[in-house]
Amino acid sequence: MGLSVNTNIAALNAYRNLSNTQNSLNSSLEKLSSGLRINRAADDAAGLSISEGLRSQINGTQQAVRNAQDGISVVQTAEGALTETHSILQRMRTLSVQAANDGGLSTDAKASIQSEMTELNKELDRIASTTQFNGSKLLDGSYTGSFQVGANTSADDKIGVTIGNMSATALGVAGVDVTTAASNASTAVLTTAAAGGTPAVLTVNGPGGATVDFTAYDASKFTALNGTVSVGSKSFDLTSVDFSSATDTASSVAAIQSAADAALGSGAVTVAATATGLTFTGATPAAGASATEAAATEPVFQQASGATQAINLIDSAITKVSTQRSNLGAIQNRFDHTINNLNVANENLTASESRIRDTDMAAEMVQFTRAQILSQAGTAMLAQAKSLPQSVLQLLR
């Protein structure tokens, strides 16, 4: 190779290698100072995409843990209030047992017991209407919460919480009266309407005409029904219904329907359990029905008077509250396990994201040291290459 002054190939080569070394050194400095292997998409385009996807899962999982903790707070708030509801019902039952001791109590004493029962009923209603979480009422039957406990939009990433109505009326104890002996209901007549009219509906209500959610009644409560349902000249007594095979609301209603069909004729009435009472709906009036078959609806009451009957109703209310508290306890345990699972998932997702995005400090330090040495050597060689053209001066002397 000849000697030249205009172009210093050796210097250009040294400069190019030194530039590459400086870029590598700067990259190592950035990774070591930030702790991240991927600081921009150019560092690892595919890795960045995977890392951001994992970050979405991690952030969503962390929020899901907080959501589940909110769910536990709701359950604990409701269950704490029901603890006092249980205490009130236990006190009411004790008073009812005391009132059932007819031989040792005066009328005034029973009246005093009933006074406390009335106040306890009011407190049951107050607790049901005022127990709230973040502005949402929990015990009035309106609460249906849905908690996002996953990072995605799947239905499996939600846990629903529903809490029943825990008021005195919904529990069936609003009208308990320990001062009056229990008595049978009066007979009610259910007739069909005139032709073209609307079928009459007879509703079995709770004590004192209060509405009762019969859909929540277990089979044993239907056995306490009394009174007679009549259609025309036919009638049947509710106390005659065979509930021996009934296990729930549906089978209890079916037993009543079967008895009604047998006594009144198939299709004479349709029996249904609703949230506001047990209904008997007359058949649709046939064409040509006489005007004397005018509609007549009269309520038949399930009596709650008498200390003995009060004990039965309060026992049912205690069972209902116990069931609700058991359900809340089960949901809380589910939330606990959900949180544990989310924490494990978050840990594993974070580890995966770290392996992709974080710098291996030891390995990167090796690269930094290498680049640092090469940078020093490249600088020295660039200085040497720059002095090579000076040898031409020897030829010019």
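A compact table of results
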| item | result |
| --- | --- |
| Sparsely packed chymotrypsin sites (Phe, Trp or Tyr not before Pro) within the stretch 116-187, loop by DSSP, other Cβ within 10 Å at most 13 | none |
| Integer Hz, Karplus 6.51/-1.76/1.60 couplings in order for the stretch 253-261, x for Gly and Pro | 5, 5, 5, 5, 4, 5, 5, 5, 5 |
| Stokes-Einstein D for the stretch 1-101, Kirkwood Rh over Cα pairs, 10 °C, 1.306 mPa s (µm²/s) | 74 µm²/s |
| Residue-by-residue Karplus 3J(HN,Hα) for the stretch 368-382, coefficients 6.51, -1.76, 1.60, Hz, glycine and proline x | 5, 4, 4, 5, 5, 5, 4, 5, 5, 5, x, 5, 5, 5, 5 |
| Amide proton proximity set for Thr274, modelled H, under 5 Å, gap of 5+ | Phe214, Thr215, Thr279 |
| Distance between the stretch 30-68 and the stretch 89-142 - C-alpha centres, whole angstrom | 58 Å |
| Where GluC sites (Glu not before Pro) fall in DSSP loop in the stretch 308-376, at most 12 other Cβ within 10 Å | none |
| Charge sum, other residues only, whose C-beta stays under 14 Å from Ala371's C-beta, Lys/Arg counted +1 and Asp/Glu -1 | 0 |
| Other-chain or far-sequence residues with amide H under 5 Å of Asn165's (modelled H) | Gly141 |
| Whole-Hz couplings from phi, Karplus 6.51/-1.76/1.60, listed for the stretch 101-114; x for Gly and Pro | 7, 4, x, x, 10, 8, 4, 5, 5, 5, 5, 5, 5, 5 |
| Spatially proximal lysines relative to Lys137 (Cα-Cα < 24 Å; intrachain offsets below 8 disregarded) | Lys122, Lys158, Lys320 |
| Neighbour net charge for Ala268 - beta-carbon separation under 10 angstrom, K R +1, D E -1 | 0 |
| Overall Cα dimensions of the stretch 32-188, principal axis frame, Å, largest first | 93, 41, 22 |
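FYI, it's all coordinate maths here, none of it is from the lab. The model shown is predicted, which means the values in this text are computed figures rather than measured ones. Cβ sites come from the backbone with ideal geometry, for glycine too, and all protein chains shown count toward neighbours.
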